[in-house]
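What follows is one structure encoded as structure tokens, with my remarks underneath.
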């Protein structure tokens, strides 16, 4: 059951925005998303939060500058998702622009797991680094930092994940979510944190007089990578993140970006000139992530670091092939999950925990997301990790902080979860295979103690109706050109329509012609992944979008939900 809830209007804020020259429709949409003044939708880089307000960033810059000037060997340790890949690429490109000797290493998720573990430190040591820099990981790497320190390797941590009770004894940590950090945005992705480290490093070199006679590195050239990682990691697009994303999108549209991103757009059938944030999240991100899910994210990082179109295109095609393979694996896993769910009384459960021996470690997170979307319950899916262990990936709903729930369960049953980490909406964990049923029961009990049945009801927030006079191509373009995403949801309108015509496309999509009830207007619509014909009159939640087909540009409604 889905409950339709209209976002609360903010008339005062909307009027202020209109007075600043924002259209009435955009003022209404932006005001309900917390925007109260036009400055908040400005993409001017001067409005970014100052780098020196990120706690310990000035210290980080001094340590990096000292290491570079001493010609020390730096090694970046990344993560195997899109945020980790882009953060690694930003670190490599940025540090080399400052003259650093730097290489990278990314853990293979199937051999080493996540983060700066002692095993990864041992592998890193074979490259004889003087300094290890973590990106998008490290805040929980207590043992790994101990191992590095014992080998005389300095560790600098850049991360954005929530810290545990104990911090690693690194030489420096920058993380907007570490205790005591006063940085005004807690939503930087890992790639954003690394970008901020580079901004502080440039300021440090300026203070040292490095650029008195030479040009300084242009760090805006890295913003395409920052935008990709920020969108793909699903961090909240607050004011600061929207500036980073918008600036990156502008570079991509102008073609002034990484050949790797352009190549990934091409293999996904997208035009760089019209790229939007959703393209980064739904087209580029999954293809980049496919490397980390099925193979080694080194391939994805190499794509982002490629310097020529030929090299980038070759690697992007490999990533495309991996993504097709990932889709096939996911489809098989979904089929198996559907059969298993038939045996589960989901309606009387507050959570879902699942395991099948043949499920793929790299795809369980996607499967957990799909099941969570379908049943609107916290879901944890496990795969065999060998040596009698299971690795799990969880996704949660708005009412339950998943990492906190796992933390509570670990306190109730200290020997049950061998290790875990994550945040409110997603988490990873490891348990013994023999303990799966015990975990299933324990997790269900904890979830029941933290949420109510009301939390299990799916809520769809809408922006009310859209005047037929606004159902135009120019309005659709205006909406698409604004940065929308996690925590700054794209507009979703809700109206009643008469179905004039409908037909099924490719056996799975519904193509419709609709007519508005008030101020009659006939308009095209598409309802993806829905093959059942609709009644004569419908109430629909929809997005207004442009549609280009065979060179013809039209406006259409993208139906998201039909109230039965």
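Could you tell me the calculated FRET efficiency between residue 166 and residue 473, based on Cβ-Cβ distance and R0 = 56 angstrom, to the nearest 0.05?
Details: r = 56 Å, r/R0 = 1.00.
E(calc), rounded to 0.05, equals 0.50.
Using the basic label-point model (7 angstrom from Cα toward the beta carbon), what is the residue 52 to residue 341 distance in nanometres?
About 5.3 nm, to one decimal.
Please report the relative contact order for the stretch 1-152, taking Cα pairs under 8 Å with a sequence separation of at least 6, and give it as a percent rounded to a whole number.
Details: 170 pairs, mean separation 29.3, N = 152.
About 19 percent, as a whole number.
Run the quick spin-label model on residue 20 and residue 73: label points 7 Å from Cα toward the beta carbon, then report their separation in nm to one decimal.
My value for the distance between the label points is 5.1 nm.
Considering all projection directions equally, how large on average is the shadow of the alpha-carbon convex hull of the stretch 248-387, in square nanometres?
Values: hull surface 39.3 nm².
Average projection, Cα convex hull of the stretch 248-387: 9.8 nm².
With a cut-off of 8 Å between alpha carbons and a minimum separation of six or more residues, what is the relative contact order of the chain in percent?
11 percent
At R0 = 51 Å, how high is the FRET efficiency between residue 374 and residue 125 if r is their beta carbon distance? Nearest 0.05 is fine. Show your work: numbers first, answer last.
Details: r = 46 Å, r/R0 = 0.89.
Working from the Cβ atoms, E equals 0.65.
Taking the structure as given and computing mean projected area of the Cα convex hull in nm², which label from (1) 38.3; (2) 33.2; (3) 27.1 fits?
Among (1) 38.3; (2) 33.2; (3) 27.1, the one calculated here is (3).
Which percent of Cα pairs goes in each bin when the distances of the stretch 85-240 are cut into 5 angstrom slices starting at zero?
Whole-percent P(r) values from 0 Å outward: 2, 9, 17, 21, 21, 16, 10, 4, 1, 0.
Going from the alpha-carbon gyration tensor of the stretch 372-517, what semi-axes, largest first and in whole Å, does one get by taking the root of 5 times each eigenvalue? All intermediate terms of the calculation are to be shown ahead of the outcome.
Working: eigenvalues 365, 61, 46 Å².
Values for the stretch 372-517, descending: 43, 18, 15 Å.
Using 1/(1 + (r/R0)^6) with R0 = 51 angstrom and r between the beta carbons of residue 454 and residue 213, what's the FRET efficiency to the nearest 0.05? Kindly include the intermediate steps, with their values, before the conclusion.
Numbers: r = 66 Å, r/R0 = 1.29.
According to the calculation, E is roughly 0.20.
Please give the contour-minus-distance gain from residue 563 to residue 3: 0.36 nm per residue of separation, less the Cα-Cα distance, rounded to one decimal in nm.
Details: separation 560, 0.36 × 560 = 201.60 nm, distance 0.95 nm.
Going from the current span to full extension adds 200.6 nm.
If contacts are Cα pairs under 8 angstrom and at least 6 residues apart, what is the relative contact order of the stretch 426-521 in percent?
Values: 58 pairs, mean separation 21.6, N = 96.
Dividing the mean separation by the residue count of the stretch 426-521 yields 22 percent.
What is the Å³ per residue value for the convex hull set by the Cα atoms of the stretch 483-564? Please report the intermediate quantities before stating the final value.
Numbers: hull volume 10.0 nm³, N = 82.
Once divided by residue count, the hull of the stretch 483-564 is 122 Å³.
Where does the Debye-calculated log10 I(q)/I(0) of the stretch 258-298 sit at q = 0.15, 0.16, 0.22, 0.35 Å⁻¹, using only Cα point scatterers of equal weight, no solvent?
Results for the stretch 258-298 at q = 0.15, 0.16, 0.22, 0.35 Å⁻¹ read -0.34, -0.38, -0.67, -1.21.
Once fully extended, how much extra length lies between residue 547 and residue 387, figured as 0.36 nm per residue of separation less the alpha-carbon to alpha-carbon distance?
On the way: separation 160, 0.36 × 160 = 57.60 nm, distance 5.11 nm.
52.5 nm is the gain from fully extending residue 547 to residue 387.
In nm, to one decimal, how far is the residue 411 label point from the residue 508 one, both placed 7 Å along Cα→Cβ?
Computed distance between label sites residue 411 and residue 508 equals 4.4 nm.
Could you list 303, 181 in order of exposure, starting from the residue whose Cβ has the fewest other Cβ atoms within 10 Å? Walk me through the numbers before you get to the answer.
Numbers: 303 28, 181 17.
Ranked by crowding around the Cβ, least crowded first: 181, 303.
No lab work stands behind these numbers, since they all come straight from the coordinates. Since the structure is predicted, the reported quantities are computational estimates derived from the model, not experimental observations. Virtual Cβ from ideal backbone geometry, glycine too; neighbours counted across all protein chains shown.
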